[in-house]
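Working notes for the structure below.
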Amino acid sequence: MNVLLFGLIAEKAGAHSMVMEASSTAELRVMLASRINGLDKLSYAIAVDRQVVKDDVPLMGAEEIAVLPPFAGG
Amino acid sequence: METRTPKQRDIFVEGAIDPSFLAESIAKHATRTDIGAHEIFLGQVRADLQPSTVIPADHPGQRAGGEDNAQPSAVQAIEYTAYRDMALEQMTVIREEAFSRWPSMTCLHVHHSLGVVAAGQLCFMVFASAPHRRAAREAVAYVVDRIKADLPIFGKEILADSSHVWKVNRSVDTVGRHTDR
């Protein structure tokens, strides 16, 4: 799956997306932490199909996944 | 029963919001004589002092942004980016909620900058009109807060010394929205 990265997290990763295979958002968090230096120290949310998910949710592979640092609109 | 799909509107504009755009926007409402009140919120980029993240040339191994070398530097501009598809979907939901909470509201216009906006320039505009002031006032306050909390918009504050820090909406309660605060 193609994981979209934004703001500070895109900067840390040096990319605006990453191809990853995860079966759940919890697994995705572990994989992201191993791929992006310093991510464990950052606050971020995961959006599945453009909705922020708080709990661990299963991923089928066709969803639109995004990793979102804190919002700064306004 | 007829089902209505809310229309998605693009709120994003490239660069700063020109004050003349606001003036034109107000003028367009002159034909709507059922309106008795306009309420407008404008967000402007503030030249906050932020700790610099420049790594001193004589200490290349030193971690940027460390407590000991954090000289304050003023914000020159904010470069905004957004997760556009999600932001516009969320905005459609917020908009529908605002119209259901304040059904007398005549219209609601929202604009937010993307790209670089210099300190002192406008980056955000929420403009509600209604027959009477209360609905317009309450709707604008609600919509501004919801946008700050729920729209995936990111701001890179570019400092006078060319380093940058990432803006965080600290006034927004992010408990439950983000993992650890």
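Please treat every number below as a calculation from the coordinates, not as lab data. Bear in mind the structure is a predicted one, so any value in this text is a computation, not a measurement. Here the Cβ is made from the backbone with ideal geometry for all residues, glycine too, and neighbour counts use every protein chain on show.
Per-residue ellipticity at 222 nm for the protein assembly as shown, helices alone: DSSP H runs ≥ 4 residues times -39500 (n - 2.57), over residue total, nearest 500 deg cm²/dmol?
Estimated from H runs of four or more residues: -8000 deg cm²/dmol.
For the cross-link pairs B:Lys7/B:Lys156; A:Lys12/B:Lys7; A:Lys54/B:Lys156; B:Lys28/B:Lys156; A:Lys41/B:Lys167, which exceed 27 Å when the distance is taken from alpha carbon to alpha carbon?
Result: B:Lys7/B:Lys156; A:Lys12/B:Lys7; B:Lys28/B:Lys156 exceed 27 Å.
B:Thr33 to B:Ala141: FRET efficiency via 1/(1 + (r/R0)^6), r the Cβ-Cβ distance, R0 30 Å, to the nearest 0.05?
0.75
What length, rounded to one decimal in nm, is gained on full extension from B:Ser100 through to B:Arg9, with 0.36 nm per residue of separation minus their alpha-carbon distance?
Once the chain is fully extended between B:Ser100 and B:Arg9, it gains 31.0 nm.
For B:Ala160 and B:His132, FRET efficiency with R0 = 51 Å and r from the beta-carbon atoms, rounded to 0.05?
That gives a FRET efficiency of 0.65.
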